[in-house]
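Derivation of every value follows stated rules applied to the coordinates shown; laboratory data play no part. These figures come from a predicted structure and were not determined experimentally. Cβ atoms come from the backbone with ideal geometry, glycine included; neighbour counts cover every protein chain shown.
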Amino acid sequence: MSPDSFRPSFRAPSRHARLAVAVAPALLLVLAVLLGGWLLGSRDIAELRLAALLLLAACGASLLGLLWQAGRHAYELAESESQLAICRRQLEAQADTDGLTGLANRSRFVTYGGEVCQLAQRHQRPLSLLAIELDRFAVLEAQWSPAVGEQVLLRMARLLETSRRHGDLPARLGGAEFALLLPETPLDRAIEAAERIREAIENAPLMLADSRLVGFTVSVGVAQLRPDDTGLPDLIDLADAALRRAQAVGGNRVEADPARSDPT
C-alpha cells in the first residue's frame, strides 16, 4: 500500500467556491462597518439590539472565513512539503540504488565501502570483500533472451539479499558483476560465506512461466583488507584478481587472494 493511501482526503473546492470564500470575509467586514454605523446612529433599543446581533454575526462569519482560508493554506503548504519530501527521498534512493535489482549501485558501494575501509584500518578490524560475477552471462542471454537474463539478475540479487548478514552490503556494480562487502569478517570466514553463496546459486535455477529451468552459476573472488592497503581500491583489485582466476579454470568456483590466505 502506498503512503498516499494514508493521507487524509481533502476535496478541492471549485473555482467559484474558492472565489466566494476569498471574497466573503471582505464583504462581511464591509457589512460589519455599515452595521456599526447604523448602531451608532440609531436611538431605538430594538434596532440597537438587532444591529448588535448582526454586527456580531458578521464579525464571527468573517473570522470563520479567514480561519478557513488560513487552514486551507496551511494544509496546502503541508501537502506540498510532504510531496517534496517524498520526491527528495525517491531521488536519493534512485541515486544510490541499481534500477533493475534494487541493490546498492557502484556509487553507493564505493562511498560506503570507502568509509568502512577507513574504520576497519583505524580500529584494526577485519574486513573482506566478495567479487561475484555470473558465469558466461552473455551466452545465457543469447541462448534464452535478454528478458530471461534480467530475471536471472533479479534472482541473483534476491539470493544475495537473503544470504547477507546485518551490516553486509550487497551491490550490483554493473552488467553481471556483483559484490558483497563483509565487515568484521576475516578471510577464512569470507571464503566460507562465498562457498555458501556459490552453492545456493548453483542449486537455485530460475523457473520460467512455461516451467523450463534456467540454471546459472557464479565465480567468486575473495580478499581481505590489510593495514598497508590504501583502502577500497586495493581491496577491489585483489578480489577481482581472484575472481579472474576462478573464471580461468572454468567458473562456478571460489578463489581467494593467495598472498593473503593466512592473514595476520
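Quick notes on this one:
- Computed extension gain for ASP228 through VAL139, at 0.36 nm per residue and net of the alpha carbon distance, reaches 28.1 nm.
- Ranked HIS123, HIS73, criterion: other C-beta atoms within 10 Å, fewest first: HIS123, HIS73
- Here the simple spin-label model places points 7 Å from the Cα toward Cβ, and for ASP237 and ARG196 these points are separated by 3.1 nm.
- In this simple spin-label approximation, GLN118 and ALA74 carry label points 7 Å from Cα along the Cα→Cβ vector, and these lie 4.3 nm apart.
- Projected label points at ALA147 and GLU184, each 7 Å from Cα along the beta carbon direction, are separated by 4.4 nanometres.
- Cβ crowding within 10 Å, taken as a proxy for footprinting-reagent exposure, orders TYR75, TYR112 from fewest neighbours to most as TYR75, TYR112.
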